Amino acid sequence: MKKVYLSCEAVPPLTSYLTQLGYAIEVVSHEGITYHPVSTHPDIFMCRFGVWENIMIFPGNPDNLSPKYPGNVIYNAVCTGKYFIHNLKLTDSELLAAADKWNTQLEFVDVPQGYTRCCCLPVDDSSFITSDMGIAKALSDAGAEVLIIEKGHISLSGFDYGFIGGCAGHIVTSESKGNEDNSNIPTIVFNGDLSNHPDYNKITAFINERGIDIAYFKDYPLTDIGSIITAPL
């Protein structure tokens with residue numbers, strides 16, 4: 001069975017959707033390790049290597065985290081098949097070593113933002129969505145394609161607003177196509193209603209142009225839950 005790491009604050013239709021797709025949900029909660037708003041956020045406690053292929057989960061050690069920033073962001077990196085993106089001064093040394101071993105051709109991109117996975121949504125190995133200008137500049141300088149969106153318009157308990165990476169994740173669905181075999185469809189799924197975001201059209205176009213589908217859930221606010229992290233089969 002497939003596995004997904006998920007906050008207990010995920011909206012009900014998201015959990016139902018993932019269950020119907022055959023994902024076993026592992027709820028992440030480490031109360032007392034870091035401050036409450038992010039203590040259930042998977043991307044604080046682990047890092048996912050790869051976007052659509054060659055996926056691996058690096059399981060962080062909660063004992064290595066400190067309660068407050070910057071000690072609580074040591075695993076909060078983005079790692080695609082081409083780039084490892086984080087504030088490299090803050091990254092856990094074991095995570096860096098594991099990423100380099102996973103793919104010796106990775107380009108390491110240093111960014112100012114420690115909450116990198118929260119603030120940056122990888123669409124494919126070299127395409128990203130973010131509202132963080134420091135991340136956007138570093139990625140553009142590295143040759144990546146970046147869509148910059150407005151800050152805000154995403155909820156996050158205890159904060160003025162959340163971030164695009166923290167409200168989304170990557171899944172693969174199957175769709176029957178008549179007499180053809182079922183096809184695997186890469187899909188970015190959002191926790192809540194993406195259509196209420198002012199940059200909805202830009203976001204959907206950027207994702208769809210890369211052959212990737214979108215799933216989201218109306219009548220629920222778009223909310224940062226520390227990413228939706230699916231594990232390999």
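Pairing each residue of region 40-58 that is on the phi > 0 side of the Ramachandran plot with any residue that is assigned to a loop (DSSP other than H, G, I, E, B) and open to solvent by 10 Å² or more (accessible area, probe 1.4 Å), provided the two are 6+ apart or on different chains, yields C-beta distances under 7 Å for Gly50/Gly81; Asn54/Gly81. Identify all residues within region 198-211 that are open to solvent by 10 Å² or more (accessible area, probe 1.4 Å) and either assigned to a loop (DSSP other than H, G, I, E, B) or β-branched (Val, Ile, Thr) (or both); write none if there are none. Selection gives Pro198, Asp199, Thr204, Glu209, Arg210, Gly211.
Scanning region 58-80 for residues that are open to solvent by 30 Å² or more (accessible area, probe 1.4 Å) and within 20 Å of Ile228 (Cβ to Cβ) yields Pro59, Pro62.
Taken across region 108-127, residues that are in a helix (DSSP H, G or I), among the charged types (D, E, K, R) and in contact (Cβ under 8 Å) with a residue 40 or more places away in the chain do occur, with at least one present. Among the residues of region 218-233, those that are surrounded by fewer than 20 Cβ atoms within 10 Å (Cβ to Cβ) and either at pLDDT 95 or above or in contact with a helix residue (DSSP H, G or I) (Cβ under 8 Å, 6 or more places away or on another chain) (or both) comprise Lys218, Tyr220, Pro221. Within the option set Gln20, Gln105, Gln113, being open to solvent by 30 Å² or more (accessible area, probe 1.4 Å) and within 16 Å of the chain's Cα centre (by Cα) holds for one residue only, Gln113.
Of the residues Gly143, Gly134, Gly114, Gly81, the single one that is at pLDDT 95 or above and at positive phi is Gly143.
For Glu26, indicate whether it is over 23 Å from Ala144 (Cα atoms), without any contact (Cβ under 8 Å) to a residue 12 or more places away in the chain and not polar (S, T, N, Q). No. Look through region 172-209, keep the residues that are out of contact with any Asp or Glu (no Cβ under 8 Å at 6 or more places or on another chain), modelled with pLDDT under 95 and not hydroxyl-bearing (Ser, Thr, Tyr), and return whichever of them is farthest from Leu147 (Cα to Cα). Per the criteria, the residue is Asn179. Being open to solvent by less than 20 Å² (accessible area, probe 1.4 Å) and at pLDDT below 95 is the filter here, so list the residues in region 24-48 that pass it. Within region 24-48, Val28, Thr34, Val38, Ser39, Thr40 meet the criteria.
Among the residues of region 122-179, just one is under 24 Å from Phe49 (Cβ atoms), in contact with a Gly (Cβ under 7 Å, 6 or more places away or on another chain), open to solvent by less than 40 Å² (accessible area, probe 1.4 Å) and of a type outside the set (Gly, Ala, Ser), namely Cys167. Being at pLDDT 95 or above, surrounded by fewer than 20 Cβ atoms within 10 Å (Cβ to Cβ) and farther than 23 Å from Glu209 by Cα is a property that holds for Ser93.
The values are calculated or read from the model by the stated rules, or taken from the named source; none is laboratory data. This one's a predicted model, so the numbers in the text were calculated from it and none came from an experiment. Reconstructed Cβ throughout: ideal geometry from the backbone, glycine too, with neighbour counts over all protein chains shown. Surface areas here come from the heavy atoms of the whole protein model, side chains and all, with no ligands, DNA or RNA. Shrake-Rupley method; radii C 1.70, N 1.55, O 1.52, S 1.80 Å.
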